[in-house]
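The values are calculated or read from the model by the stated rules, or taken from the named source; none is laboratory data. Remember, predicted model here, so these are calculated numbers, not experimental data. Heads up, the Cβs are rebuilt from the backbone with ideal geometry, glycines too, and the neighbour counts pull from every protein chain shown.
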Amino acid sequence: MQLYCNSLTQYSRLKTREVKIGDLLLGNFHPVLVQTMTTTDTMDTIATVEQSIRCIEAGAELVRITAPSKKEAENLLNIKNELRKRGYNTPLVADIHFTPNAAEIAARIVEKVRVNPGNYVDKKKFEQIEYTDAEYAEEIERIRERFTPLINICKEYGTAMRIGTNHGSLSDRIMSRYGDTAMGMVESAMEFLRIARAETYHNIVLSMKSSNPQVMVQAYRLLIQQMDAEFGECYPLHLGVTEAGDGEDGRVKSAAGIGTLLEDGIGDTIRVSLTEDPEFEIPVCKDLVKRYARHNNQQRKEDTNFVPPLVDRAIPYSPFEYKRRETFAVDNIGAHHVPIVIADLSKIENITAQHLQNVGYTYDEATDKWNISDAAADYIFTGNQLLNFELPGTLKVITYPATWNKASDKKKYQPIFDAAGFLQAEQKSDSINFVMIDCFSDDTAINDFTYLDELANDPSVVICLSSTNKQAMASVRRMFIELMNRNIKNPVIIICDSNWQTADEHLIHYATECGALLLDGFGDGLCLGMTQESYRLQLASLKNASGRNYLDNQTAEQFINNTAFNILQATRTRISKTEYISCPSCGRTLFDLQETTAKIRSRTNHLKGVKIAIMGCIVNGPGEMADADFGYVGSGPGKITLYRGKEVIKRNVDSNIAVDELINLLKENEAWVDAD
Ligand code: SF4
């Protein structure tokens, strides 16, 4: 397989091996399963059982429980018995780090064990060691000896296994040879997978998680390619973005990573890791998966043995590393400029200065000045309205051509045409002309691209791509490939409309459709919108998302504008705010993660570009913080250890003053500015 999926331009699910987890079947075109993980102390049987039940009632099809040592692994039996007694037969998964003994106990009790190949055998010392090939082979032999007993138990008890690689916890051996890379993550899992296959154990699921959706997406793609090249088949994949955070950030980050892969037919089970109670993860998972139900059912019904042909031809970009598509600049769009955000205000009747507050501009009457936030839209689209108030200096307005013709200030106003309208227009802007193209995927229409060459010759043209096709992302990507093949370098705005209803559905739609393109290096700007019907419904639906109001009663315009900036942040294409890498918490957590995350966020959310990790335990936290600049890690009851990168700066700080100490640390390292 030269690529990583069946088709880049049409939805087609990747065939994977069938795996049995209790009575559940996973892979081989079975529906994508949704799962979560408890956050209670595993030794507290009743609390864990009751939380598991809340997750199952919310729709979890698998429930994972941490087993950090032998005693927790043993207690899984009490948890399982109590759940079965109460009538819940959902398969359980033991989450193992560092402790093979615990894994070997758990594998006799629960339906699946998860091992982390970064720390199952290796103790991480952050050492850089040069291995000769012979020494490396010896290390693999050592893994084989330690890992094979678990495989044998799994075979005997019919237990499934996830080999779950985390970007933040690669072994010193992998780090020394491959570095902190997606390829290192793949090799980390492959080492274990090869051993399992040699023992003819195949009841395996794999995952490649990272808190950075870019790395995560590349690692899964590489893993598929590697499995296909080495074994001629793929094992089922569990998708997830680690430490995604909470609220909108967590949902957008998860959807950008998980949704991008689901769009390409990849993924057999998913977990959305939110720093919220685990049952709140399930509706988000379901919203992600339901987008593909139609395709999956069709594919299964038509032919359960269906093996789609693999795409095997060159494409003009690499899906395995991030490189932004080369463009020339039209004003502040394209080339080296960060992707812009266009706010669609066209559904507001009589736009006033007040409405600009929704998209990041606040007018201060006393000083007669506009305050501009870091997440302020760069352009607004007003449809047919000219505005009768003074605009902020940095903001420009896009209107339909007839309205643009009437505008006196042609520097402030720019027209948006459809392709035919632009080619025929007598009046055009000297500086920027936005030109809309609907990339529907009807084959005869899409093959006639001659008009693109005409647009391409105009240095004022910014192309705006949207698609009314059900497979919108795929058809827009097909157009990007066409532009690259034709060496067309005009910048491109991705236009994405949503006709979903709840806030979560909208977020997931935008983040999936746009995230998938941005992660491939496509797009010089975003313009998100809602269909008229969704817009009409927005007031009721935004407030009721997932039964929780994490949106603070935002208006549709505010919500959409924030989402656009969140997507750019999640895909790391435009950083406009602080990034929080917070673990979802589990039975190891040593403090109230949700409350602490909220507290840290309220003090630091003005620090643009700073990455702060908030991790529940010192065992896994430091490893899982990935590329955070600063870390706040639970190191004992009431104790916090503070990190700069991976370096311990203050050990066992009293938790009552730990947030203040974190702020001091930021100040000492010139990462602090006072809030406005
Ligand atoms: S970092 Fe958080 S989720 Fe991971 S093991 Fe520690 S407490 Fe649990």
*Count of the stretch 34-55 residues which are touching a Leu at 6+ places or on another chain (Cβ under 6 Å) and aliphatic (A, V, I, L, M)*: 1
*Residues satisfying the stated conditions in the stretch 339-375, i.e. basic (Lys, Arg) and under 17 Å from residue 529 (Cβ atoms)*: 347
_Being buried (at least 24 other Cβ atoms within 10 Å of the Cβ), more than 22 Å from the chain's Cα centre (by Cα) and either within 21 Å of residue 130 (Cβ to Cβ) or modelled with pLDDT of 95 or more (or both) is true for just one of 190, 185, 161. Which residue is that?_
161
*asked:* For the stretch 265-279, which positions are over 19 Å from residue 30 (Cα atoms) and among the hydroxyl-bearing types (Ser, Thr, Tyr)?
replied: 273, 275
*In the stretch 117-131, is there at least one residue being modelled with pLDDT of 90 or more and in contact with a strand residue (DSSP E or B) (Cβ under 8 Å, 6 or more places away or on another chain)?*
yes
*Some residue of the stretch 75-92 being part of a loop (DSSP other than H, G, I, E, B) and either of a type in the set (Asp, Glu) or within 16 Å of the ligand (Cβ to nearest atom) (or both)*: no
*Of the conditions (1) farther than 19 Å from residue 331 by Cβ; (2) at pLDDT below 90, residue 393 clears all except one; give me its number.*
(1)
*Within the stretch 14-29, count every residue that is aliphatic (A, V, I, L, M) and within 23 Å of the chain's Cα centre (by Cα).*
2
*Neighbours by Cβ (under 7 Å, 6+ apart or cross-chain): first from the stretch 8-19, in contact (Cβ under 8 Å) with a residue 40 or more places away in the chain and under 20 Å from residue 202 (Cβ atoms); second of a type in the set (Ser, Thr, Tyr) and in a loop (DSSP other than H, G, I, E, B)*: 16/235; 17/235
*asked:* For the stretch 193-222, which positions are out of contact with any Lys or Arg (no Cβ under 6 Å at 6 or more places or on another chain), buried (at least 20 other Cβ atoms within 10 Å of the Cβ), closer than 23 Å to residue 150 by Cα and not small (Gly, Ala, Ser)?
replied: 193, 203, 204, 206, 208, 209
*For the subset of the stretch 608-627 comprising residues that are at pLDDT 90 or above and surrounded by fewer than 24 Cβ atoms within 10 Å (Cβ to Cβ), which member is nearest to the ligand (Cβ to nearest atom)?*
611
*asked:* Given (1) part of a loop (DSSP other than H, G, I, E, B); (2) in contact (Cβ under 8 Å) with a residue 60 or more places away in the chain; (3) among the aromatic types (Phe, Trp, Tyr), identify the lone condition not met by residue 500.
replied: (2)
*Six or more apart or on different chains, Cβ under 8 Å: which pairs go from a residue in the stretch 580-598 that's at positive phi to one that's of a type in the set (Ser, Thr, Tyr) and within 12 Å of the ligand (Cβ to nearest atom)? Could you list them?*
585/39; 585/275
*Scan the stretch 325-335 and give yes if some residue there is of a type in the set (Lys, Arg) and over 18 Å from residue 484 (Cβ atoms), otherwise no.*
no
_Scan of the stretch 368-390 for residues that are modelled with pLDDT of 90 or more and in contact with a strand residue (DSSP E or B) (Cβ under 6 Å, 6 or more places away or on another chain), ordered by number_ = 376, 377, 378, 379, 380, 381, 382
*Any chance residue 663 is outside any loop (DSSP other than H, G, I, E, B), within 13 Å of the ligand (Cβ to nearest atom), among the aliphatic types (A, V, I, L, M) and touching a Lys or Arg at 6+ places or on another chain (Cβ under 8 Å)*: no
*Please state which one of 264, 277 is more than 25 Å from residue 632 (Cα to Cα) and of a type outside the set (A, V, I, L, M, F, W, C).*
264
*Has the stretch 442-454 got any residue that is modelled with pLDDT of 90 or more, assigned to a loop (DSSP other than H, G, I, E, B) and under 30 Å from residue 474 (Cβ atoms)?*
no
_Residues satisfying the stated conditions in the stretch 358-393, i.e. outside any strand (DSSP E or B) and of a type in the set (A, V, I, L, M)_ = 359, 366, 375, 376, 377, 386, 387, 391
_Contacts under 9 angstrom Cβ, first residue in the stretch 657-675 being without any contact (Cβ under 8 Å) to a residue 12 or more places away in the chain, partner in a helix (DSSP H, G or I) and not acidic (Asp, Glu), 6 or more apart_ = 660/603
*So, of the residues in the stretch 593-615 that are part of a helix (DSSP H, G or I) and among the charged types (D, E, K, R), which turns out to be nearest to residue 670 (Cα to Cα)?*
603
*asked:* Any residue at all in the stretch 644-656 that's farther than 27 Å from residue 213 by Cβ and either part of a helix (DSSP H, G or I) or within 24 Å of the chain's Cα centre (by Cα) (or both)?
replied: yes
_Hits in the stretch 628-657 - residues which are away from the ligand (no atom under 16 Å from the Cβ) and crowded, with 21+ Cβ neighbours inside 10 Å_ = 653
*On the given criteria, is residue 99 hydroxyl-bearing (Ser, Thr, Tyr) and either surrounded by fewer than 17 Cβ atoms within 10 Å (Cβ to Cβ) or in contact (Cβ under 8 Å) with a residue 40 or more places away in the chain (or both)?*
no
*Could you list, in sequence order, all residues of the stretch 553-592 that are within 16 Å of the ligand (Cβ to nearest atom), part of a loop (DSSP other than H, G, I, E, B) and within 23 Å of the chain's Cα centre (by Cα)?*
583, 584, 585, 586
*Only one of these conditions is not met by residue 431: (1) in a loop (DSSP other than H, G, I, E, B); (2) surrounded by 21 or more Cβ atoms within 10 Å (Cβ to Cβ). Which number is it?*
(2)
*Tell me, which residue of the stretch 35-68 that is within 20 Å of residue 160 (Cα to Cα) and in a loop (DSSP other than H, G, I, E, B) is nearest to the ligand (Cβ to nearest atom)?*
68
